[in-house]
1. Between a residue in segment 112-125 that is farther than 16 Å from residue 61 by Cβ and any residue that is assigned to a loop (DSSP other than H, G, I, E, B) and of a type in the set (Asp, Glu), which pairs come within a Cβ distance under 8 Å, given they are 6 or more apart or on different chains?
2. Does residue 47 satisfy the criteria of being open to solvent by 10 Å² or more (accessible area, probe 1.4 Å), within 16 Å of the ligand (Cβ to nearest atom) and under 18 Å from the mean Cα position of the chain (by Cα)?
3. Please count how many residues of segment 124-171 are within 16 Å of the ligand (Cβ to nearest atom), buried (at least 18 other Cβ atoms within 10 Å of the Cβ) and outside any strand (DSSP E or B).
4. Do you know which of the residues in segment 82-111 that are within 16 Å of the ligand (Cβ to nearest atom) and of a type outside the set (A, V, I, L, M) is nearest to the chain's Cα centre (by Cα)?
5. Hey, could you check segment 43-99 for residues that are of a type in the set (Ser, Thr, Tyr) and part of a loop (DSSP other than H, G, I, E, B) and say which is nearest to residue 8 (Cα to Cα)?
6. Out of segment 94-123, which residues are open to solvent by 30 Å² or more (accessible area, probe 1.4 Å) and under 24 Å from residue 45 (Cα atoms)?
7. Identify, by number, the condition in (1) away from the ligand (no atom under 14 Å from the Cβ); (2) open to solvent by 20 Å² or more (accessible area, probe 1.4 Å) that residue 6 doesn't meet.
8. Name the single residue, out of those in segment 200-237 being in contact with a Gly (Cβ under 8 Å, 6 or more places away or on another chain) and more than 23 Å from residue 22 (Cα to Cα), that is least open to solvent (accessible area, probe 1.4 Å).
Amino acid sequence: MSRVLLLSDIHANLPALEAVIDDADKRCQFDEVWVLGDSVGYGAQPNEVVERLRTLPGLAIVKGNHEAAALGEISIDSFNPSAAAAAAWTVDALSSDVRDFLSKLPLVTSSSGVTLCHGTPRNPIWEYLFTSQTADLNLDHFDTAGCVHGHTHIPSVFGRDAAGNWHINQARDADAFQLEFTRWFVNPGSVGQPRDGDARASYAFLSIPEDWNTPRIQFRRVEYDVAAAQDLILASDLPSTLAYRLSIGR
Ligand code: ZN
């Protein structure tokens, strides 16, 4: 059995990441940690977050649009104003060691027979998976049954049954699903900037039995010190709206 801690969209929010790791340590002995992009951007502690991730066991990590922006690999013209300002701030904030680590990350990878990406397998930087149409369009772009991803900041499961019908669930705290689908996508939600109206940090556990009968996903929400993350943003040159939104989960 592989027990995987799934983290995504941490967005340089170290207080949220530490609360999630504490909670996960108490609940499950995980042997792998998969991080699905946007570890930096928006928050005030990009270097600290990346250094902390590098201490975790069995780490597999992909690059998101915010890493690509902070590395100058993509244009930030299509970012909204606060995202663009945060990306510019992050460019200056990254240490050379962290920049070097991020620059070597893949956009898509696989581990234990599951595909990992940020947006979608066919467009890991830009595409948001919100609909069954987008899910269908991605099926030919990865060759495993399952894909774990982030980018929308909404915890969710998209499962396609043998008849080709999609079963879509937005997940709430403590929801669990057996992944008895021919193809599936799982998004653990955002650790550092939730956008579903619940300000608590979001993450998930993926359990994969040796014989794959049947993978299971369990979602979790955890309180963290929102004020600490906000104070760090307000003390920096980051837009203050990025602090405000943390308290409302939008
Ligand atoms: Zn993000």
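1. Close Cβ pairs (under 8 Å, with a partner that is assigned to a loop (DSSP other than H, G, I, E, B) and of a type in the set (Asp, Glu)) amount to 120/127.
2. Values: open to solvent by 10 Å² or more (accessible area, probe 1.4 Å): yes; within 16 Å of the ligand (Cβ to nearest atom): no; under 18 Å from the mean Cα position of the chain (by Cα): yes.
Answer is no for this residue.
3. Here the count works out to 11.
4. That would be 90.
5. Of all residues in segment 43-99, those of a type in the set (Ser, Thr, Tyr) come to 55, 75, 78, 82, 90, 95-96.
Subsequent filtering for residues that are part of a loop (DSSP other than H, G, I, E, B) retains 55, 75, 78, 95.
Details: 55: 16, 75: 22, 78: 21, 95: 21 Å.
Per the stated criteria, the residue is 55.
6. Taking segment 94-123 as the starting set, the residues that turn out to be open to solvent by 30 Å² or more (accessible area, probe 1.4 Å) are 95-97, 99-101, 103-104, 106-110, 112-113, 122-123.
Selection gives 95, 96, 97, 99, 100, 101, 103, 104, 106, 107.
7. (2) is the only condition that residue 6 fails.
8. Top of the filtered list is 215.
The values are calculated or read from the model by the stated rules, or taken from the named source; none is laboratory data. As the structure is a computational prediction, the values presented were derived from the model and not from experiment. Counting neighbours? That spans all protein chains shown, and the Cβs are built from the backbone with ideal geometry, glycine included. When the accessible area is computed, the model is the full protein with side chains, heavy atoms only, and any ligands, DNA or RNA have been set aside. Shrake-Rupley method; radii C 1.70, N 1.55, O 1.52, S 1.80 Å.
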